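J.: Let me give you the structure first, and then I'll get to my questions.
The values are calculated or read from the model by the stated rules, or taken from the named source; none is laboratory data. Owing to the predicted nature of the structure, the values given are computational and were not obtained by experimental measurement. Quick reminder, even Gly has a Cβ in these numbers, built from the backbone with ideal geometry, and neighbours come from all protein chains shown.
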Amino acid sequence: MYDVTIVIPTFNERDNVRPLFELLQKALSGRDWEAVYVDDDSPDGTADEVRALAFDHANVRVIQRIGRRGLAGACIEGILSSTAPFCAVIDADLQHDETRLPVMLDKLQSDPDLDVVIGSRNVEGGSSGDGLSKLRKWGSDQATSLTRRVLKITASDPMSGFFMLRRLSFNQVVTGLQTEGFKILSDVLAASKGTWKTAEVPYTFRTRHAGESKMDAAVTLEFLSLLLVRMTGGLVSMRFIMFAAVGFSGVFVQLAVVRLMLAFMPDAFLLAQAAGVFVAINTNFFLNNLVTYRDRALKGKALLRGLFSFYLVCAFGALMNVGFAELVYKTVNNWALASLAGAVAGAMWNFLASSLFTWRA
Ligand code: GDD
Ligand code: MN
């Protein structure tokens, strides 16, 4: 049995597979370790590259996930697949300092109470180096202070994607972890509710080796949703928050279309409104497909089928909206409250029905 499993989430990292492995070999020589690359079926052939590597090295495995996307979920699966008492997570692109791994392992092995060791850029001796652009550094700092406040985390770098933990401790928190998004560590720490003993090891964030970052607006949105989920104690789901945010954007799309059409045909309000609703339903569909359901995004034929089922769902949603508003109006006789209640009922229907019919798991 290995002492430690190094979990490496990958998406389009073919040219980093071998360079990272060679660095790990150097850093962990004399230790009993294995590398598990968890790849979300990268189009660049990352998984094939790992299999080629495993041909010569018995301590290399690949988990190839089909039809799923998500850094956090990939890390969780990699850890779950391990039989070792300790697991580390490290980025594939050489940005994390692998020479810190033996230090992390020593700490965990010598202190049975210690649950996790976090690679930190924010303690004495660590830094963000040249690894982040000015904008990313600013965003990362904001996210760090927000996360620490909202989730009541004391660690200095909860945004770190570089850490090692005790497998038995991980088992206590794994149920209910979010599989979308980047913030696996902050989610794990939040789930441990302050009961974990943590230690920090400084490191300097390096610049990416080959390829490019997968961090984007959708990932940022996912992060903010994750905070909301935790703030409400899991009352609202991450998906519903994203679905609602997309729905909200639809309101603006609708208004823009109505405004534009009225500029050309000042008398055709009904037509303009109908066109606005139609366009908004379409943008909502594509945004939900890209963001809310990016992990099971519809493509090709399924996209068309999905679009039509979404039309149907929204048509029923509109009926629900009007029907429920009418009911509320009859009982409370307040138009604003009734209208709002209708909108909420319609949104909930759209969310539930589209998750069942349009983006069924
Ligand atoms: N399996 C899988 N699925 N892996 C993914 C996915 C995914 O959907 N998205 C990203 N990865 C992998 C990448 O291939 C890489 O090995 C690692 O996760 C980190 O992704 P990057 O795209 O390089 O992220 P980054 O450098 O912008 O962000 C890093 O630094 C942040 C700190 O500012 C990550 O370590 C973050 O976790 C960290 O918060
Ligand atoms: Mn990176």
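J.: Give me the residue from the range 196-217 that is among the hydrophobic types (A, V, I, L, M, F, W, C) and within 16 Å of ligand 2 (Cβ to nearest atom) and, out of that set, nearest to G139 (Cα to Cα).
T.: Among those that are among the hydrophobic types (A, V, I, L, M, F, W, C) and within 16 Å of ligand 2 (Cβ to nearest atom), it is M215.
J.: Need the failing condition index for A190 against (1) at pLDDT 90 or above; (2) of a type in the set (A, V, I, L, M, F, W, C); (3) crowded, with 16+ Cβ neighbours inside 10 Å, just the number.
T.: Every condition holds for A190 apart from (1).
To keep it simple, each residue is scored yes or no on (1) more than 16 Å from ligand 1 (Cβ to nearest atom); (2) in the same structural domain as G131 (by the TED database); (3) acidic (D, E); (4) surrounded by fewer than 20 Cβ atoms within 10 Å (Cβ to Cβ).
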position	(1), (2), (3), (4)
I66	no, yes, no, yes
C75	no, yes, no, no
I79	no, yes, no, no
A84	yes, yes, no, yes
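Yes/no per residue for (1) modelled with pLDDT of 95 or more; (2) under 24 Å from F240 (Cα atoms):
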{"residue": "G125", "(1), (2)": "no, no"}
{"residue": "L132", "(1), (2)": "no, no"}
{"residue": "V150", "(1), (2)": "no, yes"}
{"residue": "P158", "(1), (2)": "no, no"}
{"residue": "M164", "(1), (2)": "yes, no"}
{"residue": "K183", "(1), (2)": "no, yes"}
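J.: Select the helices (runs of 4 or more DSSP H) contained entirely in the range 1-100, then report the ones holding at least 1 residues which are of a type in the set (S, T, N, Q) and more than 16 Å from ligand 2 (Cβ to nearest atom).
T.: 14-27
J.: If you go through the range 22-45 one residue at a time, how many are in contact with a strand residue (DSSP E or B) (Cβ under 8 Å, 6 or more places away or on another chain) and either closer than 20 Å to R296 by Cα or outside the structural domain of L94 (by the TED database) (or both)?
T.: 5
J.: Specify which of the listed residues (T331, T358) is loosely packed, with under 13 Cβ neighbours inside 10 Å, over 17 Å from F248 (Cβ atoms) and of a type in the set (V, I, T).
T.: T331
J.: Mind telling me which of the residues S110, S133, S156 ends up being of a type in the set (S, T, Y) and within 16 Å of ligand 2 (Cβ to nearest atom)?
T.: S133
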